[in-house]
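Structure, as structure tokens:
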Amino acid sequence: MAEAAAAAHKLTIGVPKESVQGELRVALTPDGVKKYAGAGHKVLIEKGAGKGASISDEAFEAVGATIGTGKSVWSESDLILSIHKPNETDLAAMKKDAAIVAFLQPMINLDLVKDLQKHKVTAFSMDAIPRTTRAQYMDALSSQATIAGYKAVLLAAAELPKFFPLLTTAAGNIPPAKVLVIGAGVAGLMAIGTAKRLGAVVEAYDARAVVKEQVESLGGRFVEIDTGADLAGAGGYAKEATEDILAKQQAGLAARAARTDVIISTAAVPGRKAPLLVPASTVEQMQPGSVIVDLAASETGGNCELSEPGKTVVKHGVTIIGATNLPSTVPVHGSLMYSKNLQNLLALLIDENGQLKIDMSDEIVAGTIITRDGELLHEGTKQRMGDTPAKGA
Ligand code: NAD
């Protein structure tokens, strides 16, 4: 009897159709639906939510999901699983004490954080998951960056008017393409590996000298630029470069750009504007027909001064791809990996009785929670709220 009572009060887990233009991924795939429906939760999926990732409503229903409208998903769920952040209408529709897990980027979306507080939403941000060994299985930043790095190279190869591999043919010998990867984090390392597999000669630069070994283990050559500082910061991330360091980095990279066919730039500092490493003057020096894929392209600027977010432009004869959402271009595996990351996080957030639990003594939960009951709990965002007016950011 007690079991029946508990079963009656399990969660309604809602999965909306992503509202960001062009987004093809879905937050939860059928394996996850099967798991939660099998455990007695109601899994409410918005009609058509899986279409972009080749998952039909029928495929979701076959593993126990209920298909509903967007309105019902936002208003009836105890827990919303999403990729992108919600808008204010969605938040206003949520039940009292309901929770959401998504990429919220709280440190740059301060208005969203205020709305989460206003509507007393319990919010967890996938981009706030600590970069620790224990949290690796939940690390959606890494799984999606892996896709971005891979796809960036394929886009570059498709645009480059040359082969990537060395070819010895009856029509003559073709030298391999030269690829320069800037930023050797998760996306950058995947880009190095992918470009190597296509036969290019690859070199890579990062402001953290510690990645030299990783670059070399993938067959890349590590580019050394003497800036007088190593920007290795906490948690494996880089610290923001000063103007002086940036100028030295720009000069060092410009010397290489002139003899490279492809630049894949991935340099980022969490919660900060991307470093400008490829100014217009560097693009001018590149060979016509060269390609730049700027994974950091955004409205606030990317790694390349001439990139435009979401667009491919040709400047000084160089094709510049301002890639903004490459994970969405591999939606089947993008969804599958995100869904697995989510399920691994939810193992910490749902207790054995099927209830939401928030154990603040767990470093992953404490690091990932952003707001609860109107209170802002995320340290980095608290600091940003404090320093925003002063910096005018
Ligand atoms: P990111 O997307 O924030 O940045 C990408 C890269 O840009 C980083 O390697 C950074 O050093 C580099 N960068 C920043 N400013 C630069 C500048 N001015 N010039 C040149 N390069 C610059 O980082 P990411 O890929 O998400 O992860 C970074 C690191 O975090 C990884 O390489 C790894 O060491 C660590 N990490 C750890 C785990 C784990 O332990 N579970 C998981 C993922 C990542």
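Data for the structure
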| quantity | calculated |
| --- | --- |
| Asp244 vs. criteria closer than 30 Å to Phe103 by Cβ and free of Cβ contacts under 8 Å to residues at least 24 places away in the same chain | no |
| Selection from the range 255-274 of residues that are within 12 Å of the ligand (Cβ to nearest atom) and either part of a loop (DSSP other than H, G, I, E, B) or acidic (Asp, Glu) (or both) | Thr266, Ala267, Ala268, Val269, Pro270, Gly271, Arg272, Lys273, Ala274 |
| Enumeration of residues in the range 152-179 that are among the small types (Gly, Ala, Ser), out of contact with any Leu (no Cβ under 8 Å at 6 or more places or on another chain) and assigned to a helix (DSSP H, G or I) | Ala156, Ala158 |
| Count of the range 228-254 residues which are within 11 Å of the ligand (Cβ to nearest atom) and surrounded by 18 or more Cβ atoms within 10 Å (Cβ to Cβ) | 7 |
| Test result for Asn303, touching a residue at least 12 places away in the same chain (Cβ under 8 Å) and either touching a helix residue (DSSP H, G or I) at 6+ places or on another chain (Cβ under 9 Å) or of a type in the set (Ser, Thr, Tyr) (or both) | no |
| Condition check for Asp90: at positive phi and either in contact with a Ser or Thr (Cβ under 7 Å, 6 or more places away or on another chain) or more than 10 Å from the ligand (Cβ to nearest atom) (or both) | no |
| Counted residues, the range 324-382 - those being within 27 Å of Asn303 (Cβ to Cβ) and not in a helix (DSSP H, G or I) | 4 |
| Pairs with Cβ under 9 Å, 6+ apart, first in the range 185-200 and without any contact (Cβ under 8 Å) to a residue 24 or more places away in the chain, second among the β-branched types (Val, Ile, Thr) and more than 9 Å from the ligand (Cβ to nearest atom) | Arg197/Val153 |
| Counted residues, the range 190-208 - those being within 10 Å of the ligand (Cβ to nearest atom) and out of contact with any Ser or Thr (no Cβ under 7 Å at 6 or more places or on another chain) | 5 |
| Unmet criterion (only one of (1) more than 14 Å from the ligand (Cβ to nearest atom); (2) closer than 16 Å to Ala267 by Cβ) for Ala158 | (2) |
| The listed residue being within 23 Å of Ala177 (Cα to Cα) and either more than 12 Å from the ligand (Cβ to nearest atom) or out of contact with any Asp or Glu (no Cβ under 8 Å at 6 or more places or on another chain) (or both), out of Glu224, Glu299 | Glu224 |
| Selection within the range 82-131 - aliphatic (A, V, I, L, M) and free of Cβ contacts under 8 Å to residues at least 60 places away in the same chain | Leu91, Ala92, Ala93, Met94, Ala98, Ile100, Leu112 |
| Odd one out for Ile225, checked against (1) crowded, with 20+ Cβ neighbours inside 10 Å; (2) touching a Phe, Trp or Tyr at 6+ places or on another chain (Cβ under 9 Å); (3) not acidic (Asp, Glu) | (1) |
| Positions within the range 104-157 being crowded, with 19+ Cβ neighbours inside 10 Å and of a type in the set (Phe, Trp, Tyr), in sequence order | Phe124, Tyr150 |
| Candidates Leu345, Leu253, Leu295, filtered to the one that is outside the structural domain of Val211 (by TED's automatic domain parsing) and either over 24 Å from the mean Cα position of the chain (by Cα) or closer than 30 Å to Ala135 by Cα (or both) | Leu345 |
| Every residue from the range 157-203 that is among the small types (Gly, Ala, Ser) and under 17 Å from Leu277 (Cβ atoms) | Gly183, Ala184, Gly185, Ala187, Gly188, Ala191 |
| Condition check for Gly301: closer than 29 Å to Leu110 by Cβ and not in a strand (DSSP E or B) | yes |
| Which listed residue is in contact with a helix residue (DSSP H, G or I) (Cβ under 8 Å, 6 or more places away or on another chain), assigned to a helix (DSSP H, G or I), closer than 19 Å to Leu346 by Cα and of a type outside the set (A, V, I, L, M, F, W, C), from Gly14, Gly32 | Gly32 |
| Residue check, Ala207 more than 18 Å from Leu342 (Cα to Cα), in contact (Cβ under 8 Å) with a residue 40 or more places away in the chain, assigned by TED's automatic domain parsing to the domain that holds Thr266 and not in a helix (DSSP H, G or I) | yes |
| Hits in the range 261-296 - residues which are among the hydroxyl-bearing types (Ser, Thr, Tyr) and crowded, with 22+ Cβ neighbours inside 10 Å | Ser265, Thr266, Thr282, Ser290 |
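The values are calculated or read from the model by the stated rules, or taken from the named source; none is laboratory data. Source: prediction; values computed, not measured. Cβ coordinates were reconstructed from backbone atoms using ideal geometry, including for glycine residues, and neighbour counts include every protein chain displayed.
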